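First comes the structure, then the notes that go with it.
The values are calculated or read from the model by the stated rules, or taken from the named source; none is laboratory data. Computed from a predicted structure; not experimentally measured. So basically every Cβ, Gly included, is an ideal-geometry build from the backbone, and we count neighbours across all protein chains shown.
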Amino acid sequence: MTEANHLGRPLTASDHAFMANAAPSPKSRISAVGAALGSMPIDISEVARSWSSAARPGSTTIMVCAEDEDALTLAWQAATAALDAAGWDFSSGPAPRATSGLPIGVWWGTSRPPFGEGPSHSYLVASLGLPEDTAGTLITGSVHAGMDALLAAMDAIAAGSVTNALVVASDAVLPGTGTAVERATGAGAAAFLLEPEAAGPDDASSLIITIRASRSVPVLDRYRGEAQPEVGDLYDPRLFREEVLLPSVESMGRALEGAHESSGAAAIGTWVLPDPDGRLGAAAAKRLGAPAGPTRDLFRVAGDTGAAAALLGLAVAIATPGSPEATAVISYGGGRTSGLIVDAVSSASVSSISRDLPGAAQVRSVVARGGPDTSTATYAEVLRSRAQLVAMADPVPMGLPPASAGSIRGTAEVLRREGAKCRSCGWTSIPPTIHPACVNCGATGFDAVRLGTTGVVHTFVVNQTMPAPFTAPLPLVVVDLDDGSRVMLQGISACAASLEIGQRAHLVLRRYALERGAPVYGYKVAPAPAPSPGPAVTGPGDHGSKEVRT
Amino acid sequence: MSWSRVAVVGGGLVRFGELFESSYEQMAHGAFEAALASVDLGLDPGRIDAIVLATQRGTLWGQEGIGGNTVPSALGLAGTPCTRIENACPSGADAFRIGAMIVASGVHDVVLVIGVEKMRDKSTEEGLLSRAAGGHPVYTRGETAPVLFAPFATRHMYEHGTTPEMLAAVAVKNHHNGSLDPYAHFQSEITAEQVLSSPMVCSPLRLLDCCPQTDGAAALVLTSAEKASEMTRSPVWVAGFGMGTDHPYLHEKSSFTSLPATVSAAERAYEMAGIGPSDIDVAEVHDCFTITEILDIEDLGFFEKGKGGRAALDGDTAITGRIPVNPSGGLLAKGHPIGATGVAQLVECWWQLRGEAGPRQVAITNGYALQHNVGGRGSGVSVVNILTSRSP
C-alpha cells in the first residue's frame, strides 16, 4: 500500500523534503507594533443560549464590532497605534515627515475588506495620512490573508522596493446566525512596522523575522461563495480537525523547528497557533509539545479574529515583557498554511532585550480590556450591529449618493483629516473644500494641515430621537483639538452617558453609515483612552490571565 | 438712510396645527382671505401689485423646485408678480423685509406678504431626517434640528448656571400664552413638572422644550404711506429691519452661548428704527426650542448675557412682565410652519400694537413691537423686524 498524506494523495519526495527556509535578505526588522479589538463585548454563552444550545464550559466574553466599526476602522486603529509608537509625525501635513526614509508601502490583509470591489486600500492609506505614492496591496480571500500581507511585505523589504512597510491584519468576520462560528467570532487587528534589518539601532536588540515557510493544498473547508455574505459552519468539523488543521499545523511546526535548530538559534519559546474555535489551538499545541497559553489567552479575550488572528497573536507575544528569544507563528486559511519565526537578536554590545518594543504597551492595554466583568451587549444589539437585525422601515434616502462628486471630495478630506490653515491669521478652516475663504478673516492663502486627534470637549448633545438609519443614542460633540482647531463630529455611542464639558477626548475612524451599499467613513469622538499600563512584572513563560497584565 | 415709510394695513392667518384636511393652496387662501378681511376700509384684491411668498420646505410638501407661481392662482391672483423666498427659519420674516423694501422703493404700492408651509404631508420622521444628512457628507451627518440648539443649552448651563427649570419656565409661559391664542397649535397649559418629565429628545432638551411640526399660513398687506389712509384708520408702520448671517457649520462658532446672526440683525434693525431694546413693548422671538428664546432675549439686548434663564423663571417675559415675549404662544405652543412663522409673528405684533390681541394684550407704552427669527444650518441666518404704532 502506497503511503498517502491525510488527504489521500500519494506522498512524494517533495513532501518529505518540505522544510522552512531562511527569510529573504535583507530580513525584516519589526520596529513598532499596534493592536485593536472591536469595542462591543459579547457573552458568547448568551449567544449559545439564544439558540438553545448548551454553553461551552469556560466560555466567556469576547470583543466584536460595534455597528460603526469594521475591518477598516480596526485596521486604522491598530496602524495608528503602531505609527504613533514609531514616532511618525504627520502633523505638518498630509505627507509624513521624519520617517526613516521613503518609500513606504501598506500591506493589508483581511477577509472582509469594506468594499468587495472598491477603494478599500486607498481609504486606509488616506486615513493614515500616508502619501499618494504609497505602495503595497490589499490581500484577501481567506483568513490566511493577514499572514500573506506580512510575507508580501517581507518580500518587498528584501527586494528593496520599500524601506518602510506597514503590515496590517484586521478582520470583522460576519458569522451566520445560529452557527457555531458565531460563538467564536471576534474582531480585531494588528499592525507591524517593518524595516530592513540593518536599519535597527545599534545599541538595542532587534526583533527579526528569520524563518518563513508556506504550504498549499486544495482543500475545501470553511468557504463563502460570491453571493454569500455570511460565514457558515464547517460541513464536517472532525474532518477539518483531524485531516486538515492539525496535520497542517503540526507539519509546519516541525518544519519551523527544524529550520530554526539548524540555524543554531535558541529553542522556540512561544507558539502562536491557529485557533478558530477555542479548542483547536490547544490541540495543535499538544501535538507540537508546545505551551498552549498564548493562543488560549488571546482567544479568551478576542475570540477568533479571522485574518487578524495570527498577527494579533504575534503582536501580543512580542509585546509581553520577558518574552522568549524565539517566537513562532502559524496561520491557516483556505488550504494555505504559513509559518514564521521572530528572533530577538542582540547586537554585540547588548546582552539582552534592553528596551520595550515601540507600541508594546498599547498592545498590552488592548488585550487587557474585556473579560468577564465587562458589561456585555445583548444578543439583539450584536445582531443589530452586524445588520442582521434590521428595522422594517422605508429607507429615507440620505444625503449625497456616495459615488457622487460631492461625496468623493468630502470623503477624501475627511479621511485625511484635512484643514486649511490661514497664512494671515492662523485660523484652521475645516474642511477645505467648503472654505475658499478663511472662516475667521476671509483671507484666501492657506497651508494644508492634518488635524490632530486629541482635544477637549467644548459642548455636546446626545440625540435620542433618531429614526432609522440612525440609531440612538447619538452623541454629537464639539471638540477643541490640541492643535487649536475645533470640530463637531458624532460621538461613539458608548460615550453617550459619560460626556462632560472639559473632558479629554480623541478622534477615531468609524463607519458613519452604509449608504446605497457603500460604507461612509468619518472620525468620531471617543473618550480619551486611559494611559497605557506599564510593563507587567510577570516573567518569561508566565502567559497567565489578563488580570496579571493589568 | 432715506426710505419711504411703509404701512401694515392688514394681517391674518389660519389656525395652526396638523391640518391634514387642508392643502397647501387652501391654507394660503385662508390666510389671504383673513388678511383681506382685516383691512378696515376694505381692499380690492386687484390692487395688489406684487406678492412675496415664503415657503421653506417645498421638499416636505412634494413641490420643491416650483417658484413664484406656487400661490397666485390659488389666491385668485393669477398673473400677479410673485417672488418665492426660501431663507431657512427666517423665510417669513425675510419675505416681509423684502416686501417692505419693495414698497419703500416706490416701485409697487400694495404688496402681499404671505407665508405658507405644509409640514405634515410627510411623516414627522421624514421631516426630522430631511436635514440630518444634508450639507457635507460627514461633518453634518446626524444634525437634526434639535442638534442646532442643544449644544448651546449644554454650554449655556455650563457657563451661566442656566438650569432645566429655567428652560421649562419658557415652555410653561409660552403654552400658557398659547392657551389664550385661538390660532395656536397647542391651546392648553402645561406644568414645569410635565416639561421636566417629558421624554429626552436631544439632551438637554426634552420633548416639551421643542416646538411641534405644524402646518399653517399667514399673510400681511403692506402699502405706502399715501395709500394707507385709504385702507385703514389705524395703520401700523415699519420702523426698521435688519438681517444677519453667520458661518453655516456649528464647529465654526466662536461661542456656544450667543448667536451672532441675531446680534447683527438686531443691531441693524435698532439702528434703522433709531431705538434700543428698552423701547420695545413686546417681542415675538424665535423659540423653536426653549434655549433659543433664552439666547434670543439676551442677543436682542433685553437681558444681559447669561441672565435670560433667570428672567424666564422670574416671569419677566410673561404677558404682564417687564418685556412680554411671545404672547402668541411662540413657536413652542403656536407652532412653527416655517415659511408662515415669521409672518404670523408679525400679525401678532400688528394686533398688539393696535390693541386687538384680546386676552393676550400687553401694555403698549412706547409703541414698538419686535419680531425675530433665527435658523438655518448653524443657526446662521437671522432677521429682525420692528413695527411701530407711532406715525412717521
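Numbers below:
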item	result
Residue among B:122, B:118 that is within 14 Å of chain A (Cβ to nearest Cβ) and of a type outside the set (Asp, Glu)	B:122
Hey, residue B:143 assigned to a loop (DSSP other than H, G, I, E, B) and over 30 Å from residue B:50 (Cα atoms) or not	yes
Sole residue being assigned to a loop (DSSP other than H, G, I, E, B), under 22 Å from residue B:92 (Cβ atoms) and of a type outside the set (Ser, Thr, Tyr), chosen from B:256, B:302	B:302
Pick from region A:493-520, criterion basic (Lys, Arg) and touching a Pro at 6+ places or on another chain (Cβ under 9 Å), ranking: modelled with the highest pLDDT	A:504
Complete set of residues in region B:195-226 that are buried (at least 17 other Cβ atoms within 10 Å of the Cβ) and among the charged types (D, E, K, R)	B:206, B:209, B:215
Residue B:127, sole failed condition from (1) within 21 Å of residue B:28 (Cβ to Cβ); (2) in a helix (DSSP H, G or I); (3) touching a helix residue (DSSP H, G or I) at 6+ places or on another chain (Cβ under 7 Å); (4) more than 14 Å from every other protein chain (Cβ to nearest Cβ)	(4)
Test: residue in region B:227-242 that is within 14 Å of chain A (Cβ to nearest Cβ), touching a strand residue (DSSP E or B) at 6+ places or on another chain (Cβ under 6 Å) and assigned to a loop (DSSP other than H, G, I, E, B)	no
When residues of region A:366-375 are limited to those that are at negative phi and surrounded by fewer than 20 Cβ atoms within 10 Å (Cβ to Cβ), the one modelled with the lowest pLDDT	A:372
The lone exception for residue B:177 - which of (1) of a type in the set (S, T, N, Q); (2) within 14 Å of chain A (Cβ to nearest Cβ); (3) in contact with a Ser or Thr (Cβ under 8 Å, 6 or more places away or on another chain) it fails	(2)
Conditions (1) in contact with a strand residue (DSSP E or B) (Cβ under 7 Å, 6 or more places away or on another chain); (2) β-branched (Val, Ile, Thr); (3) without any contact (Cβ under 8 Å) to a residue 40 or more places away in the chain; (4) more than 7 Å from every other protein chain (Cβ to nearest Cβ): number failed by residue B:138	(4)
Considering residues of region A:468-492 that are in contact with a Ser or Thr (Cβ under 9 Å, 6 or more places away or on another chain) and modelled with pLDDT under 90 only, the residue nearest to the other protein chains (Cβ to nearest Cβ)	A:470
Those residues of region A:506-515 which are within 12 Å of chain B (Cβ to nearest Cβ) and either without any contact (Cβ under 8 Å) to a residue 12 or more places away in the chain or over 18 Å from the mean Cα position of the chain (by Cα) (or both), in sequence order	A:512, A:513, A:515
Complete set of residues in region A:493-505 that are at the interface with another protein chain (Cβ under 10 Å from one of its Cβ atoms) and hydroxyl-bearing (Ser, Thr, Tyr)	none
Unique residue being over 24 Å from residue B:185 (Cβ atoms) and touching an Asp or Glu at 6+ places or on another chain (Cβ under 7 Å) when the list is B:322, B:360	B:322
Any chance residue B:310 is surrounded by fewer than 24 Cβ atoms within 10 Å (Cβ to Cβ), more than 28 Å from residue B:213 (Cβ to Cβ), at pLDDT 95 or above and touching a helix residue (DSSP H, G or I) at 6+ places or on another chain (Cβ under 8 Å)	yes
Counted residues, region A:429-467 - those being closer than 29 Å to residue B:207 by Cα and at pLDDT below 90	3
Among the residues listed as A:444, A:465, the single one being within 11 Å of chain B (Cβ to nearest Cβ), part of a loop (DSSP other than H, G, I, E, B) and without any contact (Cβ under 8 Å) to a residue 12 or more places away in the chain	A:465
Identity of the residue in region B:147-159, out of contact with any Ser or Thr (no Cβ under 6 Å at 6 or more places or on another chain), in contact (Cβ under 8 Å) with a residue 24 or more places away in the chain and at the interface with chain A (Cβ under 7 Å from one of its Cβ atoms), that ends up surrounded by the fewest Cβ atoms within 10 Å (Cβ to Cβ)	B:147
From the options A:200, A:225, residue that is on the phi < 0 side of the Ramachandran plot, out of contact with any Lys or Arg (no Cβ under 8 Å at 6 or more places or on another chain) and modelled with pLDDT under 90	A:225
Filtered residues of region A:233-245 (kept if surrounded by fewer than 17 Cβ atoms within 10 Å (Cβ to Cβ) and either in a helix (DSSP H, G or I) or touching a residue at least 24 places away in the same chain (Cβ under 8 Å) (or both))	A:233, A:237, A:238, A:239, A:242
Residue selected from region B:246-272 under the condition at pLDDT 95 or above and aliphatic (A, V, I, L, M), by the criterion farthest from residue A:476 (Cα to Cα)	B:272
Among (1) within 16 Å of the chain's Cα centre (by Cα); (2) crowded, with 24+ Cβ neighbours inside 10 Å; (3) closer than 30 Å to residue B:160 by Cβ, the one test that residue B:242 misses	(2)
Strands (runs of 3 or more DSSP E) within region B:1-111 that include 3 or more residues in contact (Cβ under 8 Å) with a residue 40 or more places away in the chain	B:6-13, B:50-54
Breaking point among (1) under 17 Å from residue A:147 (Cα atoms); (2) among the β-branched types (Val, Ile, Thr); (3) over 24 Å from the mean Cα position of the chain (by Cα), for residue A:249	(3)
Every residue from region B:192-217 that is of a type in the set (S, T, N, Q), closer than 29 Å to residue B:14 by Cα and away from every other protein chain (no Cβ under 14 Å)	B:194, B:214
Condition met for residue B:172 (more than 9 Å from every other protein chain (Cβ to nearest Cβ), part of a helix (DSSP H, G or I) and free of Cβ contacts under 8 Å to residues at least 40 places away in the same chain)	yes
Qualifying positions in region A:132-190 - outside any strand (DSSP E or B) and of a type in the set (Ser, Thr, Tyr)	A:134, A:140, A:142, A:161, A:163, A:177, A:179
Residue within region A:24-34 that is at pLDDT below 90 and touching a helix residue (DSSP H, G or I) at 6+ places or on another chain (Cβ under 9 Å) present	yes
